[in-house]
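Asker: Please read through the structure below; I'll follow up with questions.
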Amino acid sequence: MEHYLTWNSEQALAHLVALAVAYVLALPIGWNREREERSAGLRTFPLVAMAACGFVMIAIEVLG
C-alpha cells in the first residue's frame with residue numbers, strides 16, 4: 001500500500017508528457033474534421049485521445 005502513497009515526480013512528468021503527445025497528435029485529425037464540418041472535431045478528438053492514453057497508462061501501472 002505504501003507504493004501508491006509515494007510521489008514520484010519523474011513518473012508524473014512522464015505521464016504528463018505522454019498525455020501532451022496524445023493531445024498534439026490528435027489535433028490535426030480534429031482540425032481536419034472540423035474543417036470538413038463533421039460531427040466530431042477539434043474538441044472531441046484530443047479529448048478522446050487523452051482519455052485513451054490515460055486509461056492505457058493506468059492499465060500499465062495496475063497490471064504491469
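Asker: In sequence order, what are the phi-derived ³J(HN,Hα) couplings for the range 51-64 according to the Karplus relation 6.51 cos²θ - 1.76 cosθ + 1.60 with θ = phi - 60°, rounded to whole Hz, with x for glycine and proline?
Answerer: 5, 5, 4, x, 5, 5, 5, 5, 4, 5, 5, 6, 8, x
Asker: OK, next. Report the local net charge at Phe45: Lys and Arg +1, Asp and Glu -1, summed over other residues whose C-beta lies under 15 Å from its C-beta.
Answerer: Around Phe45, the surrounding residues sum to +1.
Asker: Order the peptides 50-60, 25-35 from the highest to the lowest mean number of other Cβ atoms within 10 Å of their residues.
Answerer: Put in order of decreasing packing, that is 25-35, 50-60.
Asker: Among (i) 1.15; (ii) 0.98; (iii) 1.07, find the value of Rg/Rh (Cα atoms, Kirkwood Rh) that was calculated from the structure presented, and write down its label.
Answerer: (i)
Asker: How much length, in nm to one decimal, is gained on full extension between Leu25 and Phe55, taken as 0.36 nm per residue of separation minus their Cα-Cα distance?
Answerer: 9.1 nm
Asker: Tabulate in residue order the Karplus-calculated ³J(HN,Hα) for the range 21-33, using 6.51 cos²θ - 1.76 cosθ + 1.60 with θ = phi - 60°, rounded to whole Hz; enter x for Gly and Pro.
Answerer: Once rounded to whole Hz, the list reads 5, 4, 5, 5, 6, 8, 4, x, 5, x, 5, 5, 5.
Asker: If you don't mind, there's one more thing I want to ask. Expressed in nm to one decimal, what extension gain is obtained for the pair Arg43 and Ser9 from 0.36 nm per residue of sequence separation less their Cα-Cα distance?
Answerer: Here the segment from Arg43 to Ser9 would lengthen by 9.4 nm.
Asker: At 0.36 nm per residue, and after removing the present C-alpha to C-alpha distance, how many nm does the segment from Leu16 to Asn32 gain when stretched out fully?
Answerer: Working: separation 16, 0.36 × 16 = 5.76 nm, distance 2.51 nm.
Using 0.36 nm per residue and subtracting the Cα-Cα distance, I get 3.2 nm.
Asker: Using modelled backbone amide H atoms (1.01 Å from N, in-plane), which distant-in-sequence or interchain residues come within less than 5 Å of Leu42's amide H?
Answerer: Those qualifying (amide H under 5 Å, at least 5 residues apart or on another chain) are Glu34.
We did not get these values from a lab; they are worked out from the coordinates using the rules stated. These numbers come from a predicted model, not from an experiment. Glycine gets a Cβ as well: all are built from the backbone with ideal geometry, and neighbour counts include every protein chain shown.
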